[in-house]
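Chemist: Supplied in C-alpha cells, the structure appears directly below.
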Amino acid sequence: MADITLLDGSIGQEIVKRAGDKPTPLWSTSVMLEKPDIVGTVHSDYFNVGATIATANSYAVHVDRLERVGLEHEHLQLLDTAMSQATEARDAHGSGRIAASLGPLGASYRPDIEIPLEEAAATFRTIVERMEPKADLFIIETVSSLQNARGALMGCTGTSKPVWLALSVSDSDGTKLRSGEPLAVIAPLVAEFSPEALLLNCSRPEAISQGLPILATLGKPFGAYANGFTHIADGFLTAAPTVDALEQRRDLGPKDYAKFAMHWVSQGATIVGGCCEVGPAHIAELTTQLTASGHTIT
C-alpha cells in the first residue's frame, strides 16, 4: 500500500458553474472580481471530501488575457485574491497545502502559440514572486509542448518552493504531448530543472493511462488528474474562446472516474485528483476507494 497525495478536482469549471453566469473568455477569473467567496467555498468543499491540496484559482490569471478586456491593472490583485481564498479555506479546514497554479500563456491546448522563452520566463517569474509567500508549492499546468514547459520552468528557477510539472497529452495518443512531440522528450528538461513531481493533466483519462508508464521512467514521483470533456473541440482552439465550446462526458461519474484513478495508482502514481468536469463527488469517491484499498491519503 502507498501514501497517496490527493489533489482536488476541477477548480475553474466548478467555479464557473456555481457562479451561474454566461461564460466569458476570462473564465473563472471574472468570478473573483464579482463573487470571490464562491472560490473559497469550492476549495472548502474539496477539503471536506478528502483532498489534501487546494489548487489556487490562478490558472488563467495572466496579463495577456486581462488586456483583452482592459483589466490588466487588476493582475496582481487577482493573484492575491486567488491565494487568499485558498489559504482561508485551508486554515478553516485546519490542514492541507496550497498549490499555486501556473496555467499556459496565450491559451490552453495551443502548442502553436509560441511565446519567446525569455518573455515567458519573465512573465511566470512575476507571478511566482507574487504568490510565493502563501504557496506551499507551484504546479505548472496543462503544458502542451516542450517549449511551453521550458519557459514556465525557467520562470520558476528563483523559487524555494517545490515545483510540479503537469503535462497535457493528446487525447488520441497519450504517449504524445498535444504538440505531437513524444512525451519522452521531456526527459532532458526534467534532468535540467529537476521538478519535484511530474503529472499528466487535463486530458482524457484513457490517454493518461497510456502516458503514465513513460513518466514512471523519469525518476520522479508522478501522478495524474484527467478532465471530463468528450474532446477538445475546434471551437475552443480559437482566439478568446469560452468554455461553452466544450462538452462534458456523460459516462464519467464518480465511480467511473475513480476506477481510472485507481488504475493509475496501480501503475505507480502517488499523486491523483481531477481536472475540468471532475467535481467534489468524484474526489469523495476516490477518497473512499483509496482508503478501502489500504492506501494512506497524505
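Chemist: Any idea what log10 I(q)/I(0) is at q = 0.08, 0.12, 0.13 Å⁻¹ for the chain, Debye with uniform C-alpha scatterers and no solvent?
Modeler: Treating every Cα as an identical point scatterer, log10 I(q)/I(0) equals -0.29, -0.69, -0.83.
Chemist: Name the residues of the range 15-34 whose amide N is less than 14 Å from a point 7 angstrom out from the Cα of SER84 along the C-beta direction?
Modeler: Only 32-34 fall inside the zone, counting backbone N under 14 Å.
Chemist: On to the next question. Let a ≥ b ≥ c be the square roots of the eigenvalues of the Cα gyration tensor of the range 7-163; is it rounded (a/c under 1.5), or, if not, prolate (a/b larger than b/c) or oblate?
Modeler: oblate
Chemist: Quick one: grab the alpha carbon gyration tensor of the range 146-298, order the square roots of its eigenvalues as a ≥ b ≥ c, and give me rounded if a/c is under 1.5, else prolate or oblate depending on whether a/b is larger than b/c.
Modeler: Taking the square roots of the gyration eigenvalues as a ≥ b ≥ c, the range 146-298 is oblate.
Chemist: Another question, if that's okay. Leaving out ligands and nucleic acids, note down the accessible area per residue over the chain with a 1.4 angstrom probe, in whole Å².
Modeler: On a per-residue basis, 38 Å².
Chemist: Using a Debye calculation, one point per C-alpha and no hydration shell, please list log10 I(q)/I(0) for the range 89-141 at q = 0.13, 0.31 Å⁻¹ in order.
Modeler: Evaluating at q = 0.13, 0.31 Å⁻¹ gives log10 I(q)/I(0) of -0.41, -1.23.
Chemist: Using the Karplus curve 6.51 cos²θ - 1.76 cosθ + 1.60 with θ = phi - 60°, work out ³J(HN,Hα) for each residue of the range 176-190 in order, rounded to whole Hz, and write x for Gly and Pro.
Modeler: 10, 5, 5, 6, x, 5, x, 4, 4, 5, 6, 3, x, 5, 4
Chemist: If you don't mind, there's one more thing I want to ask. Where nothing but the Cβ of Lys and Arg (+1) and of Asp and Glu (-1) is charged, how large is the charge dipole of the range 50-99 around its Cα centre, in debye to the nearest 20?
Modeler: Charge dipole, the range 50-99, about its Cα centre: 240 debye, nearest 20.
Chemist: Given the C-alpha centroids of the range 56-121 and the range 278-294, what is the distance between them in whole angstrom?
Modeler: 27
Chemist: Using a 1.4 Å probe on the protein chains only, how many percent of the accessible area of the chain belongs to carbon and sulfur?
Modeler: Its accessible area is 52 percent carbon and sulfur atoms.
Chemist: List residues of the range 130-147, by number, whose backbone nitrogen lies under 16 Å from a label position 7 Å along Cα→C-beta of VAL63.
Modeler: 130-131
Chemist: How much FRET efficiency would the formula 1/(1 + (r/R0)^6) give for HIS231 and LYS255, where r is the Cβ-Cβ distance and R0 is 22 Å, rounded to 0.05?
Modeler: 0.50
Chemist: Next question. Find how much the distance from GLU196 to ALA92 grows on full extension, using 0.36 nm per residue of separation minus their present alpha carbon separation; answer in nm with one decimal.
Modeler: Here the answer is 34.7 nm.
The values are calculated or read from the model by the stated rules, or taken from the named source; none is laboratory data. Just so it is clear, the structure is predicted and the values come from calculations on it, not from any experiment. Every residue, glycine as well, gets a Cβ built from its backbone with ideal geometry; the counts of neighbours run over all protein chains shown. When the accessible area is computed, the model is the full protein with side chains, heavy atoms only, and any ligands, DNA or RNA have been set aside. Shrake-Rupley method; radii C 1.70, N 1.55, O 1.52, S 1.80 Å.
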